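Read through the structure below, which is laid out as structure tokens, and then see the notes.
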Amino acid sequence: MIRRPFWLRLLSFALTLLLLWLPLGLSIYFFWGEGGAASFVNMGLLYLIFILLLRVWGRRVHQQRSPLGFYGLKGGWLFGRDALGGWFGGVILVALLFLIEGLLGWVTWQGLPDRFGLLLLNGALTGVAVGFAEELLFRGWLLQELELEYQPWFALLLNGLIFAALHYLHPLEVILATWPQFFGLALLGWILGLSKWAFGGRLGFPMGLHGGLVWAYFGVNAGNLVSYTGVAPEWLTGVNGNPIAGLMGVCLLVLVALGLSYRVATAP
């Protein structure tokens, strides 16, 4: 089988997805407007088309009988176990970061806000949605396509850089204000890719880990659970309060990356 180059496959997939979604997306925009429920429905529709296209793409382009399994949605109960373990891992990482910073006097803990349970539920739904959607896209389809073209470690490197870069589709002033988090985002992308490799090519653990990180940080941030004391500079705790834009958060991610790299390198 002759396989087209990666960048041509990437462009073909993206254009096909856009052409399939555009008529429906524009119809929702013209008849329902933008923002609120319309935006939610539009994004849900786009991702549903993405999953359907992924099935066709895997069968037609790569001749896979189980295309979603080919991209990492496999494992049955193992998938669920991995996802649950990843979720708790993400929560523990966020809790550990703020616990250390609290012990060092960099943050102080605040009281729980009103309706905190509802906030946590909202965060959990967000975490599940973001974890599933972004991991199927980046560590499922994109990483698999990269691995078909390049050596695994180079594919992982590109995957993390693309993951970070696509989080910067914002106006220039927003990009300039958030650029310190680029390396942290790339590092997170590498960690999530490593966790897929470490768990037999299944997406359960990276989906759970990503979702757990989103949920835990959402609870801390939206619930105003901590307040920075100003004892430590922003470059250490995180620019604009974002932990992955600070040295402390990056160091914690580096330790996780090293642990996963060792597990992948020593796997039988």
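The values are calculated or read from the model by the stated rules, or taken from the named source; none is laboratory data. Note that the structure is a prediction, hence the values are computed from the model and not measured. FYI the Cβ positions are ideal-geometry reconstructions off the backbone, even for glycines, and counts take in every protein chain you see.
Tabulated results
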| read-out | value |
| --- | --- |
| Single unsatisfied condition, Leu169 versus (1) under 23 Å from Ala83 (Cα atoms); (2) over 12 Å from the mean Cα position of the chain (by Cα) | (1) |
| Qualifying residue in region 83-106 (condition: touching a helix residue (DSSP H, G or I) at 6+ places or on another chain (Cβ under 9 Å), of a type in the set (Asp, Glu), closer than 25 Å to Phe199 by Cβ and at pLDDT 95 or above) | no |
| Pairs with Cβ under 7 Å, 6+ apart, first in region 88-108 and among the aromatic types (Phe, Trp, Tyr), second surrounded by 13 or more Cβ atoms within 10 Å (Cβ to Cβ) and in a helix (DSSP H, G or I) | Phe88/Gly212; Phe98/Val220; Trp106/Thr237 |
| Matching entry among Ile92, Ile100 (being of a type in the set (Val, Ile, Thr), over 18 Å from the mean Cα position of the chain (by Cα) and part of a helix (DSSP H, G or I)) | Ile100 |
| From the options Gly184, Gly160, Gly223, residue that is outside the structural domain of Phe50 (by TED's automatic domain parsing) and within 28 Å of Leu11 (Cβ to Cβ) | Gly160 |
| Out of Leu176, Leu118, Leu137, Leu146, sole residue that is touching a residue at least 40 places away in the same chain (Cβ under 8 Å), more than 16 Å from the chain's Cα centre (by Cα) and over 18 Å from Ala257 (Cα atoms) | Leu146 |
